[in-house]
Amino acid sequence: MSLQLQPRRFQHFNVSFPHEHIIQVTLDRPDKLNCIDKATSQEIAGIWECLDREETLRVGIITGVGRAFCTGADLFEWNEMNKAGVVNKMDAPGLAGLPRRDGKKPIIAAVNGICMGGGLEMVANCDVVLASPSAVFSLPEVKRGIVPVAGCLPRLARTIGLQRTMDLVLTGRTVDARTFYEWGLVSRLVDAADDVADVALEVARDMCQNSPDALIVGRLGVRMGWEQGSVEASVALLADQWYPRLVDSPNFAEGVRAFVEKRRPQWLDSKL
């Protein structure tokens, strides 16, 4: 998929470029609380592929319109698949290309409202999570005979802990945004007077002030420590394989030179 860096409206979401280095996906199916059917899921996964492939893009944002951020998969579609005997596979990268995404550039989730089921699976693997105070989170799959297997269970266990994740998964109860902020899944709780997508854009702009190479390598280092079992193995891989690539990039020398010359760095698009 090539977006040619132009805003585009899809059936159930919109793509915009609020900054020259930022791409934003806005889920726009408010009558269905922004649930995502399989076709939409594949389309959004293609957007993140564009984010990683397009050198001028550095950060992605995902948010929603209306009362919900995302209520997960379209269960009406699932019901039709069940009646047709179609097995709904949970292949990577998962719903909207997020629960098991291993891309190289950061994605910010701007949770504007209800975030449940697959919506929470998506958020659990985003790099930064901002939430409106009115946002609520839940994994209600157990109430429908389903288990969230798209990627969030081990990720949530590592982020918020075993017992808290068990509580969510086995009861299906709803948790407010402040609780998730205190538990550590929500990075920032947005003031009620602010629009969460606008704040996400501010955070993304802050990221874009930095070296695009350092964004990629720094993100990778954090995620390796989160996903892999050995801290030292992660450190060794980052230092031995990725740091030399960072040093060889022109942005490494530019950052140091700009500091010495007391000026803002002039970053080049990343080739990593």
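From the list Ala45, Ala39, exactly one residue is surrounded by 15 or more Cβ atoms within 10 Å (Cβ to Cβ), small (Gly, Ala, Ser) and out of contact with any Leu (no Cβ under 7 Å at 6 or more places or on another chain). Which is it?
Selected residue: Ala45, the only one of Ala45, Ala39 that is surrounded by 15 or more Cβ atoms within 10 Å (Cβ to Cβ), small (Gly, Ala, Ser) and out of contact with any Leu (no Cβ under 7 Å at 6 or more places or on another chain).
Would you pick out the residues in the range 13-41 that are among the aromatic types (Phe, Trp, Tyr) and either over 16 Å from Leu201 (Cα atoms) or not in a strand (DSSP E or B) (or both)?
Phe13
Hey, can you tell me all the residues within the range 115-153 that are small (Gly, Ala, Ser) and over 19 Å from Glu227 (Cα atoms)?
Matches in the range 115-153: Gly117, Gly118, Gly119, Ala131, Ser132, Ser134, Ala135, Ser138, Gly145.
Suppose the filter is free of Cβ contacts under 8 Å to residues at least 24 places away in the same chain, more than 15 Å from Pro106 (Cα to Cα) and small (Gly, Ala, Ser); does Ser16 pass it?
Here the answer is yes, as Ser16 does meet what is asked.
Which residue pairs have Cβ atoms closer than 6 Å, lie 6 or more positions apart in sequence or on different chains, and pair a first residue in the range 154-183 that is closer than 27 Å to Gln228 by Cβ with a second residue that is part of a helix (DSSP H, G or I) and among the β-branched types (Val, Ile, Thr)?
Going by the 6 Å Cβ cut-off, the qualifying pairs are Leu156/Thr165; Ala157/Thr165; Trp183/Ile160.
Spot the failing condition for Asn210; the list is (1) under 14 Å from Leu268 (Cα atoms); (2) in a helix (DSSP H, G or I), and only one is missed.
Only one criterion is unmet by Asn210, namely (2).
Among the residues of the range 215-233, how many are closer than 18 Å to Ala157 by Cβ and either part of a helix (DSSP H, G or I) or assigned by TED's automatic domain parsing to the domain that holds Ile22 (or both)?
Here the count works out to 7.
Mind checking whether some residue in the range 191-203 is modelled with pLDDT of 95 or more, touching a His at 6+ places or on another chain (Cβ under 8 Å) and surrounded by 14 or more Cβ atoms within 10 Å (Cβ to Cβ)?
Within the range 191-203, one or more residues are modelled with pLDDT of 95 or more, touching a His at 6+ places or on another chain (Cβ under 8 Å) and surrounded by 14 or more Cβ atoms within 10 Å (Cβ to Cβ).
Can you find, within the range 126-160, the residue that is nearest to Gly72 (Cα to Cα) among those that are small (Gly, Ala, Ser) and part of a strand (DSSP E or B)?
Going residue by residue through the range 126-160, those that are small (Gly, Ala, Ser) are 131-132, 134-135, 138, 145, 150-151, 157.
Adding the requirement that they be part of a strand (DSSP E or B) leaves 131, 138.
On the way: Ala131: 17, Ser138: 11 Å.
It comes out as Ser138.
Can you tell me which of Met224, Met207 is within 29 Å of Glu254 (Cβ to Cβ), in contact with a Ser or Thr (Cβ under 7 Å, 6 or more places away or on another chain), crowded, with 16+ Cβ neighbours inside 10 Å and of a type outside the set (Lys, Arg)?
Checking each option against the conditions leaves just Met224.
What are the pairs with Cβ atoms under 7 angstrom where one residue, in the range 121-141, is in contact (Cβ under 8 Å) with a residue 40 or more places away in the chain and the other, located anywhere, is of a type in the set (D, E, K, R)? Sequence gap at least six, or different chains.
Hits for this filter: Ala124/Arg155; Asp127/Arg219; Leu130/Arg188; Pro133/Arg178; Val136/Asp176.
Based on what the data block shows, is Val142 within 21 Å of the chain's Cα centre (by Cα), surrounded by fewer than 19 Cβ atoms within 10 Å (Cβ to Cβ) and within 20 Å of Leu95 (Cβ to Cβ)?
When the stated conditions are applied, Val142 does not pass them.
Return the residue satisfying two criteria in turn: it lies in the range 42-92 and is part of a helix (DSSP H, G or I) and of a type in the set (S, T, N, Q), and of such residues it is nearest to Gly118 (Cα to Cα). Before you say what the answer is, go through the steps one by one.
Initial filter on the range 42-92 (part of a helix (DSSP H, G or I)): 42-53, 75-83.
Cutting the leftovers down to of a type in the set (S, T, N, Q) gives us 42, 79, 82.
Details: Gln42: 14, Asn79: 16, Asn82: 18 Å.
The extreme case among them is Gln42.
Residues in the range 163-179: is at least one within 19 Å of Arg100 (Cα to Cα) and basic (Lys, Arg)?
First, the residues of the range 163-179 that are within 19 Å of Arg100 (Cα to Cα): 165, 169.
Of the ones still in play, those that are also basic (Lys, Arg) are none.
Checking the range 163-179: not a single residue is within 19 Å of Arg100 (Cα to Cα) and basic (Lys, Arg).
The values are calculated or read from the model by the stated rules, or taken from the named source; none is laboratory data. All values derive from a computational prediction rather than experimental measurement. As a convention, Cβ positions derive from the backbone with ideal geometry for all residues, glycine included, and neighbour counts pool all protein chains shown.
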